[in-house]
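Heads up, the thing below is written out as structure tokens.
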Amino acid sequence: MAIAIVLIVIVVASIAFHFLSPWWLTPAASNWGEIDNAFNLTLVITGAFFIVINLMIAWFVFKYRHRKGHKSTYQPDNKRLEAWLIGLTTVAIIGLLAPGLVVYGKFVAVPDDAKEVEVVGEQWKWSFRFPGEDNQLGKSDVRFISPTNPLGLDPDDPASSDDKIILSPELHLPLYSPYKVLLRSKDVLHDFNVPQFRAKMDMVPGSVSYFWLTPTQRGTFDILCAELCGVGHFNMRGRVVVEDDAQFGRWLAKQPTFSQTQQPASERDGPVTDPVEHGKTLSEVNGCIGCHSIDGKPGVGPTWLGLYGKTEILSDDTKVLVDDEYLKVAILNANAEIVKGYPAIMPVYQFNDEEVDAIIAYIKAVSSPKGDNEGAQ
């Protein structure tokens, strides 16, 4: 009897929580409101089965409880009951699967007027690419990936030269413009997810997946990785800024083309006058801030807040002062001296002396709260 009461209480509490809960989906910021409809239908069907099954169990526990003088009868089969169960289960499964399949079919059926943008994922950062004036993305291949060509574009493909390269984790999209989103991973399995867009798709190394969307709401929305991709997975974040066409055009015009990124820095931008800003860019582009926080929060690697001038304890219990010389070794050969309590997972980077000095300048700038504010501007 107590079990029956508990089951009834669980059903009533679950229904009350559903209708009284303050947590629910944020409004859709893209054309994919149909995904919400499929989700709601799934919730209704599974919720109905949850209620009916638990109430039936509670009723059976009560009705067929042990009583003196009562004896159960053995019934090996019941074709009528089995037919009802098979029929109801079939209808429910169709109701669960069919709407999702219909929406998914639309999700990957790209309209003819959609433009293209490429999203590249790697541990643990996002990069983006837009076609240039030729409206065609150039070819890419992992064999072309290098420190100066992180997206692996084919330098011999004429279509690559005017592609717009965005190596920071911020993507801009124009309002009410359909876009085909091409997804590519450089290392492991990732998943591009913008919850407000209801957009989510796996990024499989060696292949290109895609979907399309039309942003319908201005604002800034988080980009998340929805697939466990390593120890820095939690910090693989970015953002999408949806704005008017004119604002988007101005932003895109400021982004460098692939051919410009292949030029020496002195020819491309002139002499680097602000090493802190240059170091900030390098840290974002190479995913450093995915493991090293600048606000003191714990991460995969030591935080950069208060790091410079600090005495660190290494894995062999020796102590070392964090100065320029130590940071040079830590950047170029991280596994030579591992700070105690942190894993030896930092990849090998091939920075030149100017880039190393710029990263060190940025670490110095964010090492104090004042420097953090200045360096993050």
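At-a-glance table
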{"quantity": "Proximal aspartates and glutamates to residue 340, defined as alpha-carbon separation beneath 12 angstrom and excluding residues fewer than eight positions away on the same chain", "calculated": "312, 316, 317"}
{"quantity": "Within the chain, helix-based [θ] at 222 nm, where runs of 4 or more DSSP H residues each add -39,500 (n - 2.57), nearest 500", "calculated": "-12000 deg cm²/dmol"}
{"quantity": "Distant-in-sequence amide H partners of residue 201 (H built 1.01 Å from N, under 5 Å)", "calculated": "192"}
{"quantity": "Within a Gaussian network of the chain (alpha carbon springs, distance under 10 Å), most fluctuating of 46, 220, 303", "calculated": "46"}
{"quantity": "Accessible-area value, residue 88, 1.4 Å probe, nucleic acids and ligands omitted, Å²", "calculated": "100 Å²"}
{"quantity": "Cross-link reach list, lysines versus residue 63, counting only Cα pairs under 16 Å and skipping chain neighbours closer than eight places", "calculated": "71"}
{"quantity": "Area of residue 311 that stays accessible when all protein chains are in place (1.4 Å probe, Å², to 10)", "calculated": "80 Å²"}
{"quantity": "Out-of-range pairs (alpha-carbon distance over 26 Å; input 180/254; 319/364; 180/297; 254/328; 186/319)", "calculated": "180/297; 254/328; 186/319"}
{"quantity": "Accessible area per residue in Å² at 1.4 Å probe, computed on the chain", "calculated": "58 Å²"}
{"quantity": "Beta bridge orientation in the range 115-262: antiparallel %, DSSP, nearest 5", "calculated": "70 percent"}
{"quantity": "Charge dipole (the chain, unit charges on Cβ, about Cα centre) - positive-most of 48, 258, 362", "calculated": "48"}
{"quantity": "Accessible surface of the chain [probe 1.4 Å, protein heavy atoms]: carbon and sulfur percent", "calculated": "60 percent"}
{"quantity": "Most mobile listed residue (16, 246, 330) in the chain, GNM with C-alpha springs under 10 Å", "calculated": "16"}
{"quantity": "Net dipole in debye of the range 115-262 [+1 Lys, Arg Cβ; -1 Asp, Glu Cβ; about Cα centre; nearest 20]", "calculated": "400 debye"}
{"quantity": "Average Cα contact separation per residue, the range 109-237, under 8 Å, 6 or more apart, as relative contact order %", "calculated": "28 percent"}
{"quantity": "Between helix 79-107 and the chain: long-axis angle, C-alpha atoms, 0 to 90°, nearest 10", "calculated": "20 degrees"}
{"quantity": "Point-charge dipole on Cβ atoms (K/R +1, D/E -1) for the range 31-171, about Cα centre, debye to 20", "calculated": "2220 debye"}
{"quantity": "Relative contact order of the chain, pairs being alpha-carbon contacts under 8 Å that are 6 or more residues apart, as %", "calculated": "14 percent"}
{"quantity": "Beta bridges per DSSP with both ends in the chain, % antiparallel, nearest 5", "calculated": "75 percent"}
{"quantity": "In degrees, nearest ten, helix 275-285 long axis to first principal axis of the chain (Cα)", "calculated": "30 degrees"}
{"quantity": "Charge dipole (debye, nearest 20) of the chain; +1 at Cβ of Lys and Arg, -1 at Cβ of Asp and Glu", "calculated": "2960 debye"}
{"quantity": "Residue 310 accessible area, assembled protein chains, probe 1.4 Å, Å²", "calculated": "90 Å²"}
{"quantity": "In Hz, Karplus ³J(HN,Hα) per residue of the range 330-341 (6.51, -1.76, 1.60; θ = phi - 60°; x = Gly, Pro)", "calculated": "5, 6, 8, 9, 4, 6, 6, 9, 9, 5, 4, x"}
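The values are calculated or read from the model by the stated rules, or taken from the named source; none is laboratory data. Keep in mind that this is a model prediction, so the values were computed, not measured. Neighbour counts run over all protein chains shown; Cβ positions are idealised from the backbone, glycine included. Note: areas computed on protein heavy atoms with side chains; ligands, DNA, RNA excluded. Shrake-Rupley method; radii C 1.70, N 1.55, O 1.52, S 1.80 Å.
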